[in-house]
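Okay, structure first, notes after.
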Amino acid sequence: MSANPQWDVSRALRVARLFHLVCGVRDACVTPFLTLYLRQLGLVAPWVGILMGTKHLIAASWAPFCAFLARSHQKRRVLLTASLLGSAGASLFMVLVPPLDRDPGDRRCNGSHSLTAEGPPPGVAVTVTVTLASEPASNSAAGALSLPRERSSGVAGTRGFGEGPGESGQEPFSYPPSSSVGSTQGARNRSGVLHPDTPGVTDSPLKGAFRVVSPPLPLFAGGTALARSANQSAAKGDGRDLGLSLEGLQWTFIVSLGSVVFWELLTSPLEQVADDSLYEYLDFVDATDRYRSLWVWRLLGTSVGVCGIAALVGPLDCFLAASGPRGVVHFYGYSLVSALALLVSIAFPVPVCRRREPSYRTVKALSLVVGDPHLTVLALTIFLTGGATSAVQNFLFWQMKDHGSSELIMGFSVALGLLGEILLHPFKAPLLRKLSRVGTVGLGLGCLAGQLLYYSFLWNWWSVLPAQILSTLSHGALWWAVTTSIEHLATPGTERPLSALFRGHVCESGASLGSFVGGFVVMRFSLPVLFQACCVLLLLWLALFLSIQPRLPQERKINYSKLLAVEASDTSDSEQGTERDWLVKAMREEHSDWRG
């Protein structure tokens, strides 16, 4: 069949590898850094949680529906082209979202500098000593200093001081979006009015000690125009500025929500439609075993893309955006790589004819999950795992930014976990054989809980890197066990629908709920509390998961429906010995418990 260009398997696999590699780079340009960009727009944790929850909810429902329509009407290539072309344009709408801070962007771009002082660590009341030379005493009649309207340089513990025109001496200072603004703890520790602590501050040159007096908690992300207006209005009793600030917040959130929804509607169907097309193409020539290795190329592309785009953000942001939030390079890079993926998709293998398949595969897979206790417990595990993982995906970079981490370090931390998963893959079979599927799921849950607990105690910019090694087990090993369990428990023809159900509907639904709840937890408590709560939830479920396993019905080692399907297929005489060996091996394993 390889002589026919339509069934050139080697060429199809080369194109598929390149497509997965490019799509990995494409997704890595924006997806890991999206919540960080939303924070720089001035949105606080609850709004970011709503945006990300909506994004996951669309992925859970819209992508399978589009894949069904494309398969039914034979429009897969049209959908691939429309998705790549539309998402490239839709991503640029995020650049047009008006930030709450209308002031010029990062002051590093124009080379301006200001005096610095070390900020107080969380939970500690300290005295800040500021030395200002050649400053008239009349400029500080009230004895207070306020911070300038500029962004952090990314170095932990350093902030600029100055006095903008028309600013009151009693204006509360607020930290820029790169500081901890999503939690009330950060607001209490990092906002206040500087009052003189010594009577000699009127001498020239001005020199004295200032104590931090905390005002009422800010309502919005610190360091933005909205935060300053809201805080000033609270101090001066001016409700007009606060009303304008609220209007700006609503407008920024609504435009962000519309852009994210439109973008996700175009982007989410791409991966599932491409996977279905390639699998059916290989299924026609009985080469589906070669489909299993393509995931490596996507992870490699993601690893390269997340580090590459992070390295470009610093030098290119000042060139592309003289004002507004940093991070527009992510969206420009996403659009450029989408254009490259569009060129590769022209040669992507899409089967011209298709085998007749039932249209109710997802419904059949769902009924199988409800009817099988093992699959039900597994689905609940994936749902909770998706919710806990969303806390990491949404707010870990916030925590790293608060400790002075650069985007390059953030990208490297993501790549470290993905590369570790690739390197551990050769040990997949020995790990599952040694620990069993249940044991491997338990190991993955335990490692994810340990990661979350570790993230809540980060102490500097590099401290996140050791925990990323656990991502190899918390994500890779967990999904290996889930995939293997699906293969053993599924009935003929439901393996792929079950896998899509778990990865799409179940996991994305959990991530959606986790995003909605996580944003409000961060607002009400803090980022560390969110990570610790997710850790406790996973540990409780791990204990319950292991305790109910002995009470579940024993799983049969031989799936007789699969055996009947093999016997009914058109096998040759030379394959009968192989089938008989498989049957003997399966019957020997019938008497051993699947839990190891």
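The values are calculated or read from the model by the stated rules, or taken from the named source; none is laboratory data. This structure is a prediction, so every number in the text was calculated from the model and none was measured. Note: ideal-geometry Cβ built from the backbone for every residue, glycine included; neighbour counts use all protein chains shown. Heads up: the accessible areas ignore ligands, DNA and RNA and are worked out on the full protein's heavy atoms, side chains in. Shrake-Rupley method; radii C 1.70, N 1.55, O 1.52, S 1.80 Å.
Label sites at R433 and C318, each approximated as a point 7 angstrom past Cα along Cα to Cβ, lie 5.7 nm apart. Across segment 310-465, C-alpha contacts under 8 Å between residues 6 or more apart give a mean separation that, scaled by the residue count, equals a relative contact order of 27 percent. Using only the C-alpha atoms, the convex hull of segment 360-551 corresponds to 119 Å³ per residue.
With all protein chains present, how much of the accessible area of segment 360-551 (probe radius 1.4 Å) comes from carbon and sulfur, to the nearest whole percent? Present the calculation step by step, with values, prior to reporting the outcome.
Values: 5790 of 7740 Å².
That fraction is 75 percent.
Annotation: M400 carries an accessible surface of approximately 0 Å², with a 1.4 Å probe and no ligand, DNA or RNA atoms counted.
For the peptides 299-311, 491-503, what is the packing order when you average, over each peptide's residues, the other Cβ atoms within 10 Å and list the highest mean first?
Details: 299-311: 21.9, 491-503: 19.2.
The peptides rank, most packed first, as 299-311, 491-503.
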